[in-house]
Structures are given as C-alpha cells and as structure tokens.
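The values are calculated or read from the model by the stated rules, or taken from the named source; none is laboratory data. Given the structure is predicted, the values throughout are model-derived calculations rather than measurements. Quick reminder, even Gly has a Cβ in these numbers, built from the backbone with ideal geometry, and neighbours come from all protein chains shown.
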Amino acid sequence: MAMEFNLDPVGVVRSTRVEAEDDQWDSESSSIEMLPPFGDRALQGLTDFSHCIVVYVFDKASWDESRIARHPRGNKDWPEVGIFAQRAKDRPNRLGVTVCRILDVDGSTIRLSGLDAIDGTPVVDIKPWMVEFGPRGEVVQPAWSSELMKDYW
C-alpha cells in the first residue's frame, strides 16, 4: 500500500546538544519553541501535567532497507533485532517519541528535561502524559535493552 502524507512542524527543539549522540541526554537543556499559529493559547493547561509526550522528526537521520535488522548500536554482543524492536534514530519514517518532564511554560516556549532531540529538530506533536495511557500489566524487556540504556539519561 503506497500512501504519502505531509507533517507540518508545530515547534522546533532548542537544545544544548547539536550532534546526534546516544548517551547522557539528562546533561542537556532543552526547550520547544512553538511556531505560529501554535502560541501560548495552544499550550494553555499544559503545566497542569508533570510530563508530556513529544513527537518529532529525526530530520538529519536517513533510512535504507539495510537497517531493517541489525545489532543495536552495532554491538555484536547484543542480538540482531528488527528496526521495530529498537529505538534507533534511523527509522523508516524517522519519527521519534519521548516522554519528557515539563519544567515550565513561558509564553510559547516549553522548557523540558529528558528530551533526546538535538537543536533544530522539528516537533510535530505534543501530548500530555496521562497515567491511563501508560502500560497496563507487567512490563518486560530483554537484558540487552537495559544494558544499552544504562547511560542514556
């Protein structure tokens, strides 16, 4: 099935990180500057939530079918897994999704912690995090993924 669609950014990431590196994201300062017409009115009520989901585009990443399955981060100690069993930035549609802590909303700017996107990244959606949308039941993941994430934040 061939389908094409366009996404228009609602904001842009401002971050102290300018290169796509894998670890130590909590050492960065991040904010989202909203783009017109999504100013302060579009952010009304967001500070009533502690966290939000940020959907963004890995605009500097690329995709080719050789990445359908690979060892995460090229580490041969970890199993080869499909692209949908990892969170790599080189994805078929180059979309990133992260749950971030809301620090402050000032006019049309949201200050966040825990945003793993580099400076200039286009943001295509922001949603409040609600407990009811979190996982239901036990959460299970393989040991290699916990090892991969140990220095991520």
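The table that follows gives values for the structure above.
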{"quantity": "Condition met for residue 98 (in contact with a strand residue (DSSP E or B) (Cβ under 7 Å, 6 or more places away or on another chain) and over 20 Å from residue 117 (Cβ atoms))", "calculated": "no"}
{"quantity": "Among residues of region 23-60, those that are out of contact with any Ser or Thr (no Cβ under 6 Å at 6 or more places or on another chain), under 17 Å from residue 115 (Cα atoms) and of a type in the set (A, V, I, L, M, F, W, C), counted", "calculated": "9"}
{"quantity": "For residue 132: the one exception among (1) without any contact (Cβ under 8 Å) to a residue 12 or more places away in the chain; (2) part of a loop (DSSP other than H, G, I, E, B); (3) among the charged types (D, E, K, R)", "calculated": "(2)"}
{"quantity": "Any hit, region 69-79, residues being at pLDDT 95 or above, under 26 Å from residue 5 (Cα atoms) and among the hydrophobic types (A, V, I, L, M, F, W, C)", "calculated": "yes"}
{"quantity": "Subset tally (residues that are among the hydrophobic types (A, V, I, L, M, F, W, C) and touching a Lys or Arg at 6+ places or on another chain (Cβ under 9 Å)) for region 130-148", "calculated": "2"}
{"quantity": "The one condition in (1) under 15 Å from residue 13 (Cα atoms); (2) under 19 Å from the mean Cα position of the chain (by Cα) that residue 39 fails to fulfil", "calculated": "(2)"}
{"quantity": "Residues of region 91-114 satisfying the condition of being in contact (Cβ under 8 Å) with a residue 60 or more places away in the chain and either part of a strand (DSSP E or B) or over 18 Å from the mean Cα position of the chain (by Cα) (or both)", "calculated": "100, 105, 107, 108, 109, 110, 111, 112, 113"}
{"quantity": "Among the candidates 73, 94, residue that is among the charged types (D, E, K, R) and closer than 17 Å to residue 152 by Cβ", "calculated": "73"}
{"quantity": "Sole residue being over 15 Å from the mean Cα position of the chain (by Cα) and of a type in the set (A, V, I, L, M), chosen from 88, 117, 61, 143", "calculated": "143"}
{"quantity": "Residue within region 88-95 that is within 30 Å of residue 4 (Cα to Cα), in contact with a Gly (Cβ under 8 Å, 6 or more places away or on another chain), modelled with pLDDT under 95 and surrounded by 12 or more Cβ atoms within 10 Å (Cβ to Cβ) present", "calculated": "yes"}
